[in-house]
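Heads up: the structure comes next, in structure tokens.
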Amino acid sequence: MIPMSLSQIAALTGGRLHGISEQEASALVVDGPVVTDSREAGPGGLYVARVGESMDGHQFVGSARDAGAVAALTTREVDDLPCVVVDDIQDGFVALARGVLQAHPEITVIGITGSSGKTSTKDLLASVLSAAGPTVAPVGSLNSEVGVPLTVCRIVGDTRYLVVEMGARGVGHIEYLADIAEPTIGIVLNVGTAHVGEFGSREAIGRAKAELVAALPDGGLAVLNADDPVVRAMVGQTAARALLVGASHEAGLRATDIDLDGAGRPSFTVSGDGVEAETRVSLPLHGEHHVGNALAVIAVALECGMAMGDIAEALADARPASRWRMEVTERADGVTIINDAYNANPDSMRAALNALVAMGRGRRTWAVLGSMLELGDESTTEHDAIGRLAVRLNVSRLVVVGDTARPMASGAQHEGSWGDEAVWVPDADAAYELLSRELSAGDVVLFKSSRDAGLRWLGDRLAGLSAPNSMEDAT
Ligand SMILES: Nc1ncnc2c1ncn2[C@@H]1O[C@H](COP(=O)(O)OP(=O)(O)OP(=O)(O)O)[C@@H](O)[C@H]1O
Ligand SMILES: [Mg+2]
């Protein structure tokens with residue numbers, strides 16, 4: 001974090017000091033990591049003690065101290081570290097994050113929302129902007145009321161760009177996050193059916209995502225997906241300048257001549273606002289859905305003053321930064337593993353199946369698919385539709401894993417798959433048995449499901465990678 005005295009932190013959060021005098025608190029500088037998990041605490045840092053459903057963070061103030069933290073933000077007096085005691089930890093944490101940012105108005109803040117692709121786009125944007133100046137972006141997928149202040153508090157003295165991923169599980173959530181980070185540039189990627197069970201309808205999801213563009217100031221920039229009608233309609237809902245990006249004719253920044261190489265990596269030509277000469281861009285990522293993400297990144301990078309040639313170069317160098325998103329491993333025996341099992345919703349399932357087929361031209365393709373969660377009443381229909389799509393795309397073998405996903409297998413059968421082209425297995429262990437027996441040289445295998453550690457692990461195991469040992473993507 002940017003250096004702040006404990007007195008400043010008390011003033012920002014409206015808290016009172018405990019275990020330290022006023023005088024000592026103005027001399028105590030917090031300049032290390034701000035964390036809510038004591039295991040991530042470090043020298044000079046601040047530990048924020050949250051009270052969760054099963055754990056009371058106040059129990060871990062001592063371990064935060066042992067890891068080097070010099071102070072804690074708490075809601076009650078704890079003697080293990082000097083504390084700033086506030087009435088409400090969330091309000092206190094948000095006040096701190098706002099204070100940190102307000103002390104650095106020179107930082108350009110970019111907010112990203114959408115149903116799919118926020119983390120992928122965040123990683124891509126961070127790697128491109130890093131070529132222009134020091135950039136802070138969330139670790140993994142930290143995009144909530146805790147993740148956003150955690151990310152904001154990671155800015156340091158020379159930070160130039162702050163990229164903030166904003167997730168929503170209900171109306172009002174993005175507005176809340178935008179109020180913390182106050183982005184001047186916002187990206188809305190798409191409005192799908194992710195979390196429709198919680199929102200009620202796609203329209204409600206659209207309203208929630210629009211909160212980002214509504215929060216942008218006059219003089220800011222709203223980057224909107226021209227190819228998604230719900231997102232395109234947000235043009236009129238912002239005080240900022242709106243720029244449509246996409247493949248459609250209405251797009252001000254446009255991708256044409258989209259092509260996928262044998263490994264499913266897209267390249268395309270960019271033209272339009274701010275691009276002096278049409279430029280060919282090649283992405284090292286797999287799947288056509290990254291074209292829209294990359295266009296949004298290009299729009300932001302141009303707005304930040306980067307030249308199109310430098311942006312194209314940075315995009316070509318980008319590497320997947322967050323795990324289990326179209327993560328490709330080539331096995332020595334010629335089997336290709338695509339582990340996309342970080343998460344799934346109908347849109348990202350479709351995108352991943354299309355990528356599988358593009359990568360599997362002339363090879364045997366396998367889709368090992370688990371459930372898509374949080375679809376409410378739509379669950380059976382959506383799973384059924386994915387099974388049918390797998391057949392229509394001519395995926396060679398479909399392995400459906402787990403009870404919730406079962407309608408995929410029946411969908412595939414109704415669509416005309418026969419024999420063992422589409423099978424259902426109860427769990428990842430059974431899928432492992434099947435795949436270890438049947439995979440052969442040249443096969444391409446996609447693993448995908450909603451937050452199912454079983455399928456991630458299955459993909460890792462079949463790729464010969466060790467089991468995940470980090471908490472990076474626990475959120
Ligand atoms: N533009 C896109 N359209 C559809 N699917 C996408 C798009 N971009 C990425 N995906 C796929 O969606 C899945 C989730 O990607 P990612 O983690 O980037 O999304 P997210 O919006 O951050 O998700 P979450 O809400 O879980 O944080 C991955 O399988 C990824 O390959
Ligand atoms: Mg994410």
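The values are calculated or read from the model by the stated rules, or taken from the named source; none is laboratory data. Owing to the predicted nature of the structure, the values given are computational and were not obtained by experimental measurement. Counting neighbours? That spans all protein chains shown, and the Cβs are built from the backbone with ideal geometry, glycine included. Note: areas computed on protein heavy atoms with side chains; ligands, DNA, RNA excluded. Shrake-Rupley method; radii C 1.70, N 1.55, O 1.52, S 1.80 Å.
Checked against (1) within 16 Å of ligand 2 (Cβ to nearest atom); (2) in contact (Cβ under 8 Å) with a residue 40 or more places away in the chain, R154 meets all criteria but (1).
Can you tell which of R456, R461, R451, R437 is open to solvent by 20 Å² or more (accessible area, probe 1.4 Å), among the basic types (K, R) and in contact with a Leu (Cβ under 9 Å, 6 or more places away or on another chain)? First the steps, then the outcome.
Values: R456 fails: in contact with a Leu (Cβ under 9 Å, 6 or more places away or on another chain); R461 fails: in contact with a Leu (Cβ under 9 Å, 6 or more places away or on another chain); R437 fails: in contact with a Leu (Cβ under 9 Å, 6 or more places away or on another chain).
Matching residue, one of R456, R461, R451, R437: R451.
Being open to solvent by 10 Å² or more (accessible area, probe 1.4 Å) and within 21 Å of the chain's Cα centre (by Cα) holds for only one residue in H289, H249, and it is H289. Scoring W418 on the criteria (1) buried (at least 16 other Cβ atoms within 10 Å of the Cβ); (2) modelled with pLDDT under 95; (3) not in a helix (DSSP H, G or I) leaves a single failure, condition (1). If only residues of segment 292-333 that are modelled with pLDDT of 95 or more and within 11 Å of ligand 1 (Cβ to nearest atom) are counted, the one that is most open to solvent (accessible area, probe 1.4 Å) is G292.
Report yes if some residue within segment 47-64 is of a type in the set (G, A, S) and open to solvent by 60 Å² or more (accessible area, probe 1.4 Å); otherwise report no.
Of segment 47-64, the ones of a type in the set (G, A, S) are 49, 52, 54, 57, 62-64.
When the remaining residues are screened for being open to solvent by 60 Å² or more (accessible area, probe 1.4 Å), the result is 54.
So far as segment 47-64 goes, yes, one or more of its residues are of a type in the set (G, A, S) and open to solvent by 60 Å² or more (accessible area, probe 1.4 Å).
Looking only at segment 273-299, filter to residues that are without any contact (Cβ under 8 Å) to a residue 40 or more places away in the chain and of a type outside the set (A, V, I, L, M); which one of those is nearest to ligand 2 (Cβ to nearest atom)? Among those that are without any contact (Cβ under 8 Å) to a residue 40 or more places away in the chain and of a type outside the set (A, V, I, L, M), it is P284. Inclusion of L12 among residues that are touching a residue at least 12 places away in the same chain (Cβ under 8 Å), open to solvent by less than 20 Å² (accessible area, probe 1.4 Å) and of a type outside the set (F, W, Y) is not warranted. Considering segment 121-160, and only residues there that are open to solvent by 30 Å² or more (accessible area, probe 1.4 Å) and within 13 Å of ligand 1 (Cβ to nearest atom), the residue that is farthest from the chain's Cα centre (by Cα) turns out to be S144. Considering segment 94-120, and only residues there that are within 13 Å of ligand 2 (Cβ to nearest atom), of a type in the set (S, T, N, Q) and under 30 Å from A49 (Cβ atoms), the residue that is surrounded by the most Cβ atoms within 10 Å (Cβ to Cβ) turns out to be T113.
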